[in-house]
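What follows is a single structure, written as structure tokens, with notes after it.
Rule-based calculations on the coordinates, nothing more; no lab input. A quick note: this is a predicted structure, and the numbers were derived from the prediction, not measured. Positions of Cβ are generated from backbone atoms using ideal geometry, with glycine treated the same way; all protein chains shown enter the neighbour counts.
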């Protein structure tokens, strides 16, 4: 099977317009007869389900949470990028495109990224029209801030709750369609298989998580909007329920997996405090607008951070990357923190943390505020009092969250932060139309691999999720469904449904039948440790080879010794989790295989064998300028396909943020 | 911050399913770190229940950073426990001391039936949103985002109302099981913005009608909802809802 990305001909800036002008359409009477299944109700899923229903398609939407509003997009904090150039600082579609390709360390597909930049502005318009309360200036117009890896202000935000507000906008659009009878919503349902008939995706097998009942659902097309797989590391900033199951089942049914090893480790998270830890909490990248990152110059420093004078602090990002300073991209910032801690300069009880300090920002803002009030010679206390208020307005909810978790007040002492797994750039391989290698099966948002290359820039995940759902899939799906208007709904008594349901049922019964001695959680933790230690922020051949073997062994142990209490036909979260961990145990192996085969460093994928003299990621464009798309052949057996990446506009260079 | 360890007695509501009769079960949990969240204490307790061959306690949770609104424990008589403006998942054990007894129940409200143990069905909230908690704008219909300036004061107030996470603590806190704070927050958010204007009146009427239909009680202004709201949503939005509803009702009877 060969990979056909279906990138339209023509100049980069014309591709999407041309595509839309020539794409096949479905007339309104036919749309009603076409059924679309949407898995996941985060930004990508909710926006796709709502938009397709508005167009007239009959949609069924599924989420494992108790309400579509709880999908993990809700937790995104800092903002959403858009090439509006409201700040008159030189932004444009081209710059957003350029920054994203460069930020992704030249491992994304140019045509997709260009389209993303192109539709970005319309996203902001749509959200404002829905009543999303973005931050505004006193004149009543929208406010912007900076994010990492760029030199313009193009990030729109709603305090530190941007994801929540965008998701509630998409959720309300979705609920409106539910009320209109165009979307049938299935909450507390989990997709457990894709049904493929004559080579096309034709439905799913789902489990009602309250009753445990297995259900069959037909669809002319299936959209996977099921998010990323960062929870393979056990500890991550993902929600506890975030999982790879839907994408993995699709992979096993023929959808290739693109660049599975590309993982984003976010530089600013609250550090691990102990073995009990169940998840890690992000402190938004927007904090790097005002916070300065540092460690003491002296090893084994025992003084409190407030007592260490400026000249004894190493603001290592400002030192190493003067052009971008604290706003270097995430992969660069994370590795720099790891480097300092590995060298013995880390802080806190575990010594695996660095400081994120707002002292200077508080004084700076305080001085401005005092000036506004006519006080041009304010004393320290006045500046601190006034400055804290400004910082509170910008980041109040994040500071509160930090204090609840750590018991420390970040207005008075620096935050302690450390990198943590946050996002997965890898995902199901899709073509320009967001279709996977299985016709009729699509992947949107974090679930696909396409737009972020080897490193995602901040505030771009929300942009991509909504771009895919609001403005891409409504056009591209029609191109496929136009060919399906003569296909009547296939009865779910079809043998392919029967077979898929049996596979699902057998796996559940097998899991329940093991009756071993070790909990699901314990296996998940053990997998996470292998992944973090050997396929985390730095990777090498020896470690990855060991990891593959360790994961195989752990998977064997899981399938012979996991203990799942309760019954199948009841509300049983342990059983739900067991299925997901079972899939992570396969996914983890593929990630390590992918990381092992890619003998270069790029973006978040850092192979210790491939670095510059200064310790930066060193790409090998001659040998690795391609998307690695893995085809599932049988258990523990994958075949690698390559989609070559041609850069006609943004010519790859060694990324520099100095 | 000083860390310490404690031994605790947990009394937890156990209920097999929606039809079963539930009861409080007592558990001893030892060596709990003050740095743990209360959900992590439940993780540890569940791990030991599983190891002992018993059924773990079912509870809703997901993001564990106070924003998804899934977690919902009624702790020592307060939704989300003793800390103000805090969800259950963000409640850390610093809030307790050695030897404490902690009683944990599900949200208690007629409109939120128990599914299992501490898990309740809050789909009534989704249905209230379906009744009008949106602005009817199809994808692609929008004008440029800066074409309609919004007074920052109203924009900020709309944002404060929009901070609602839909957890249902307001209902659980209310002796009448009223959902007025939840509905008030959404109606106010959209009424404060120019984009929400065209459907302002029907929205208030329809959402209140759905709220009544779902079996939520009336508001008697005890303000327990505001006190327990993890996002600090103000009861001023209930007043705003009343005014919107009254206004809409009068106009409605005119037509």
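Using a cutoff of 8 angstrom between alpha carbon atoms and counting only pairs six or more residues apart, the relative contact order for chain A works out to 21 percent. Its alpha carbons considered, the protein assembly as shown gives a radius of gyration followed by a Dmax of 26.2, 81 Å. Taking a ≥ b ≥ c as the square roots of the eigenvalues of the Cα gyration tensor, an a/c ratio of 1.5 or more together with a/b larger than b/c marks the stretch A:325-417 as prolate. Averaging 1/r across all pairs of distinct Cα atoms in the stretch A:342-488 and inverting the result yields a Kirkwood radius of 19.8 Å. Look at the stretch B:121-132: the mean tally of other chain Cβ atoms within 10 Å of its residues' Cβ atoms is 5. Based solely on its DSSP helices, what 222 nm [θ] is calculated for chain A when runs of n ≥ 4 H residues each add -39,500 (n - 2.57) and the sum is averaged over all residues, nearest 500 deg cm²/dmol? Helices in chain A give a 222 nm mean residue ellipticity of -12000 deg cm²/dmol.
Remark: mean inter-chain Cβ contacts per residue of B:51-60 equal 4, using a 10 Å Cβ-Cβ cutoff to other protein chain atoms.
Rounded to the nearest 10 degrees, the inclination of helix A:330-342 to the longest alpha-carbon principal axis of chain A is 60 degrees. As a check on your grasp of the helix formula, calculate [θ] at 222 nm for chain B: sum -39500 (n - 2.57) over DSSP H runs of n ≥ 4, divide by the residue count, round to the nearest 500. So the calculated ellipticity at 222 nm is -10500 deg cm²/dmol. Modelled this way, with points 7 Å down the Cα-to-C-beta line, the labels at residue A:137 and residue B:9 are 6.2 nm from one another. Principal-axis analysis of the Cα atoms of chain B puts helix B:236-254 at an angle of about 40° to the longest axis. Peptides B:100-113, A:460-473, A:106-119 ordered by packing proxy, namely the average of other Cβ atoms within 10 Å per residue, highest first: A:460-473, A:106-119, B:100-113. Just checking the listed ones, B:129, B:148, B:233: in the Gaussian network model of chain B with Cα springs under 10 Å, the one fluctuating most is B:148. The label-point distance for residue B:152 and residue A:351, in a model that sets each label 7 Å from Cα toward Cβ, rounds to 4.7 nm. According to the square roots a ≥ b ≥ c of the eigenvalues of the Cα gyration tensor, what is the shape class of the stretch A:448-505, taking rounded for a/c under 1.5, prolate for a/b larger than b/c otherwise, and oblate for the remainder? Verdict is oblate for the stretch A:448-505.
Relative to the current alpha-carbon distance between residue A:656 and residue A:408, full extension at 0.36 nm per residue lengthens the span by 85.7 nm.
Report, in whole Å, the centroid distance computed from the Cα atoms of the stretch A:102-140 and the stretch A:69-94. Using only Cα atoms, the two centres lie 5 Å from each other. Highest mean packing comes first when the peptides B:85-91, B:9-15, A:530-536 are listed by Cβ atoms within 10 Å, giving B:85-91, A:530-536, B:9-15.
The fraction of Cα-Cα pairs per 10 angstrom bin, counted from 0 for the stretch A:176-277, comes to 12, 35, 31, 18, 5, 0 percent, rounded to whole percents.
For chain B, take N as its residue count and report Rg(C-alpha) divided by 2.2 N^0.38 Å. So the Cα radius of gyration is 1.14 times the expected 2.2 N^0.38 Å. Remark: A:226, A:284, A:236 ranked as A:284, A:236, A:226, counting other beta-carbon atoms within 10 Å and listing the fewest first.
Calculated translational diffusion coefficient of the stretch B:150-255 (20 °C, 1.002 mPa s; Stokes-Einstein with Kirkwood radius over alpha-carbon pairs) equals 155 µm²/s.
Take every Cα pair under 8 Å whose residues are at least 6 apart in sequence, average their separation, divide by the length of the stretch A:267-421, and the relative contact order is 31 percent. Over all pairs of different C-alpha atoms, the stretch B:5-115 has a mean inverse distance whose reciprocal, the Kirkwood radius, equals 14.4 Å. Take the Cβ atoms of residue A:14 and residue B:197, set R0 to 45 Å, and the FRET efficiency comes out at 0.70.
Taken residue by residue and averaged, Cβ atoms of other chains lying within 10 Å of the Cβ of A:466-472 number 1.
Using alpha-carbon pairs under 8 Å, 6+ residues apart, how would you state the relative contact order of the stretch B:122-254 in percent? Result for the stretch B:122-254 is 33 percent. Against chain B, whose longest principal axis is taken from its Cα atoms, helix B:38-51 shows a tilt of about 50°.
Residues A:41, B:139, A:385, arranged from fewest to most other Cβ atoms within 10 angstrom of their Cβ, appear as A:385, B:139, A:41. Averaged over residues, the count of other Cβ atoms within 10 Å places the peptides A:52-63, B:149-160 in the sequence A:52-63, B:149-160, highest first. The modelled label-to-label distance for the pair residue A:510/residue A:87, using points 7 Å beyond Cα in the direction of Cβ, is 5.3 nm.
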